[in-house]
Structures are given as structure tokens and as C-alpha cells.
Amino acid sequence: MVELIVIVAIIGFMSVVVLSGQSQGLSERRLILEVRRLAQDLRKAQNFTISSTTYNCGVLGTKVVPFGIILDMDQLDSYLLAADCDWDKVYDATSDPVVSSFAFSHSRISNLNPKNAANDLEVFFFPP
């Protein structure tokens, strides 16, 4: 009987060790998925630009425009795919439409070092 209790205790201890390691692995896998999705969306913006995708820019009409990703320190849990309709290499909410908005499911941006005063990190791709 004592041996059976010792074996059950050992199995219980091993289960706790394995399950605690799995929860840490799960958060790492979620972070990897978020990073891959961001990289995929950067590639999507690049492909839109390279393939000369047109976008309806409202008053400016439908034309080939640069596309890019905007990471904003004021919105740490999401990012935007936008069209740069005025070709000024800067995202302007009044003239540059948002094509899509993406939310991070299990993570958030913790630090950006932008060059502009708007506190954004913008990556635009321009047509050849």
C-alpha cells in the first residue's frame, strides 16, 4: 500500500511539472504566431504595392498607391494596413484610408522608437 501511495505521489508531481511547462510554452507559441501574422501583413502591404493594386482614395479618385503598416504607441494592441493616397510617406488619418485593422490576440507592443513626432512607426512600400 505504501508503494502505491509513493507511485501515485510521483505521478502527481510529474504531472504538475509537465503541465506548468506547457503553459509557458503556450504563451511562447502565441507570441510566435502574433509575430508571424505581423510579418505576413507586412508582406501583404508589400505585395499590394508591387502588384500595383489600385485603391479608391475618395476625392483623389482610384489610383495606384503605396501601402504600409502603422504601429501606434497609443494603440498598443493593434496595427493598421493603410493606403498612402497623398504619397507623402506619412500616414494621415484625414487623407489616407485604413484598408484593414488588426488586433493582437495575446500580446501587445511594449516599445517603439519612431522617427516622427506622431509617436508612430510607419512602414510604407512605394511602387516601382
(request) Could you please put Phe13, Phe124 in sequence from largest to smallest accessible area, using a 1.4 Å probe? (result) Phe13, Phe124
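In whole percent, how big is the carbon plus sulfur part of the accessible area of region 1-64, probe 1.4 Å, protein atoms only?
Details: 3500 of 5130 Å².
The computed percentage sits at 68.
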(request) Would you mind getting the Kirkwood hydrodynamic radius of the chain from its Cα pairs, rounded to one decimal in Å? (result) 17.5
(request) Kindly report the accessible area of the chain per residue (heavy atoms of protein chains, probe 1.4 Å, no ligands, DNA or RNA), in Å². (result) 67
(message) So for region 28-128, averaging the separation of alpha carbon pairs under 8 Å that are six or more residues apart and normalising by length, what relative contact order in percent results?
(response) 30
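With contacts defined as alpha carbon pairs under 8 Å and 6 or more residues apart, what's the relative contact order of region 1-83 in percent?
Relative contact order for region 1-83 comes out at 18 percent.
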(message) Given the DSSP H assignment, sum -39500 (n - 2.57) over each helix run of at least 4 residues in the chain and divide by its residue total; what's the result at 222 nm in deg cm²/dmol, nearest 500?
(response) -14500 deg cm²/dmol
(message) Give the separation of the Cα centroids, region 49-128 to region 1-41, in Å.
(response) 38
(request) Report Leu38's accessible area, 1.4 Å probe, all protein chains in place, as a number in Å² to the nearest 10. (result) 40
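The values are calculated or read from the model by the stated rules, or taken from the named source; none is laboratory data. Note that the structure is a prediction, hence the values are computed from the model and not measured. These accessible areas exclude ligands, DNA and RNA; they are computed on the full protein's heavy atoms, side chains included. Shrake-Rupley method; radii C 1.70, N 1.55, O 1.52, S 1.80 Å.
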